[in-house]
Amino acid sequence: MRRFEVKGITKSFGGLAAVKEVSFTVTPGETLGLIGPNGAGKTTLFHLITGFIRPDRGEVRCDGESLVGRRPSAICKRFGITRTFQIVRPLAHLTVLENVLVGALCRTRSIRAATPGALSALERVGLADRAGDLAGSLPIGQRKKLEIARALATRPQLLLLDEVMGGLHSHEIEGVIALLKELKQEGLTLIVVEHVMKAILALSDRIVVLNFGEKIAEGIPSEVVSHPEVIRAYLGEEAVS
């Protein structure tokens with residue numbers, strides 16, 4: 001992946017503009033933080049990028065090719081773009097390994113060929129010892145890690161992470177931050193939606209801030225956290241008066 005671009009992306013549901021004229025670019029190896037209050041449009045933007053919903057207007061491009069109108073599976077296979085989900089719903093009746101194989105089978109039709117990659121992904125997130133357990137038996141923190149493993153098993157070039165640290169204990173958060181730093185060092189491009197600001201500040205090269213579906217700020221972390229519009233969005237008008 002040479003360049004990823006979102007340009008003027010817009011999506012409304014009824015009379016509500018969930019995402020409005022949002023634009024940004026991501027360069028290879030970069031980690032982009034995507035933050036904003038609840039309901040700001042972050043998850044909807046992930047849906048638009050990965051083909052789960054189609055924008056009303058605007059473009060999503062990877063290396064100059066449009067992703068709009070392509071199925072999520074095609075976006076994953078052709079462009080190496082995959083994502084986790086904020087609300088984790090593992091295939092509870094399958095084992096942890098079988099859940100990750102679902103991701104690994106994006107690259108091959110052979111379970112035998114897919115298994116080493118799936119096991120490697122479980123090892124990276126610290127779930128190798130749970131490979132044979134039913135996914136439905138995992139607590140929420142480990143289900144979040146399972147989401148990451150399943151995404152990694154697709155061998156992504158661009159990974160979109162939707163609040164993967166929500167519900168984790170502090171030591172688990174530190175472990176995920178360390179893992180994402182390793183992935184970045186290996187050249188993986190990341191877009192991270194997260195309310196754990198410690199993680200956003202530790203990981204992000206740049207941050208984009210959404211509020212009511214619109215981009216209100218973009219820049220390096222030190223600039224964004226002191227931006228008046230960002231403070232207003234999180235803390236209210238009185239915080240900047």
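As an exercise: evaluate L32 against (1) buried (at least 18 other Cβ atoms within 10 Å of the Cβ); (2) within 25 Å of H171 (Cβ to Cβ) and give the number of the one condition it does not meet.
(2)
Can you pull out the residues in the stretch 1-15 that are touching a residue at least 12 places away in the same chain (Cβ under 8 Å) and either closer than 18 Å to N38 by Cβ or not aliphatic (A, V, I, L, M) (or both)?
Of everything in the stretch 1-15, those that are touching a residue at least 12 places away in the same chain (Cβ under 8 Å) and either closer than 18 Å to N38 by Cβ or not aliphatic (A, V, I, L, M) (or both) turn out to be R2, R3, F4, E5, K7, G8, T10, K11, S12.
Closer than 30 Å to E182 by Cβ and at pLDDT 95 or above, is that true of K42?
Yes; evaluated as a whole, the condition is true for this residue.
Residue under question is A114, and the condition is that it be surrounded by fewer than 16 Cβ atoms within 10 Å (Cβ to Cβ), of a type in the set (A, V, I, L, M) and in a helix (DSSP H, G or I); does it hold?
Taking the combined requirement at face value, the residue does not satisfy it.
Could you check the stretch 26-103 for strands (runs of 3 or more DSSP E) lying wholly inside it with 2 or more residues that are under 25 Å from L16 (Cα atoms), over 15 Å from the mean Cα position of the chain (by Cα) and in the same structural domain as A233 (by TED's automatic domain parsing)?
Fully inside the stretch 26-103 and qualifying: 57-62.
Working only within the stretch 3-34, note down all residues that are within 30 Å of E186 (Cβ to Cβ) and in contact with a Leu (Cβ under 8 Å, 6 or more places away or on another chain).
Residues satisfying the conditions are F4, V6, I9, V22, F24, V26, G29, E30, T31, L32, G33, L34.
Hey, among L122, L146, which residue is in contact with a Pro (Cβ under 7 Å, 6 or more places away or on another chain), modelled with pLDDT of 95 or more and in a helix (DSSP H, G or I)?
Criteria check complete, one pass: L146.
Kindly list, by first and then second residue, each pair from a residue in the stretch 62-80 that is in contact (Cβ under 8 Å) with a residue 60 or more places away in the chain to a residue that is surrounded by fewer than 16 Cβ atoms within 10 Å (Cβ to Cβ), limited to pairs with Cβ atoms under 6 Å and residues at least 6 apart or on different chains.
Here the result reads D63/R2, each pair linking the stretch 62-80 to a residue that is surrounded by fewer than 16 Cβ atoms within 10 Å (Cβ to Cβ).
Can you name the strands (runs of 3 or more DSSP E) wholly within the stretch 166-241 that have at least 2 residues being under 29 Å from L16 (Cβ atoms) and in contact with a Ser or Thr (Cβ under 8 Å, 6 or more places away or on another chain)? Outline the logic, then answer.
Working: elements: 189-193, 206-211, 214-219.
Once the strands (runs of 3 or more DSSP E) in the stretch 166-241 are filtered for at least 2 residues that are under 29 Å from L16 (Cβ atoms) and in contact with a Ser or Thr (Cβ under 8 Å, 6 or more places away or on another chain), what remains is 189-193.
The values are calculated or read from the model by the stated rules, or taken from the named source; none is laboratory data. For clarity, every value in this text was computed on a predicted model and none was experimentally measured. When we count neighbours, we look across all protein chains shown, and the Cβ atoms used for this are built from the backbone with ideal geometry, even at glycine.
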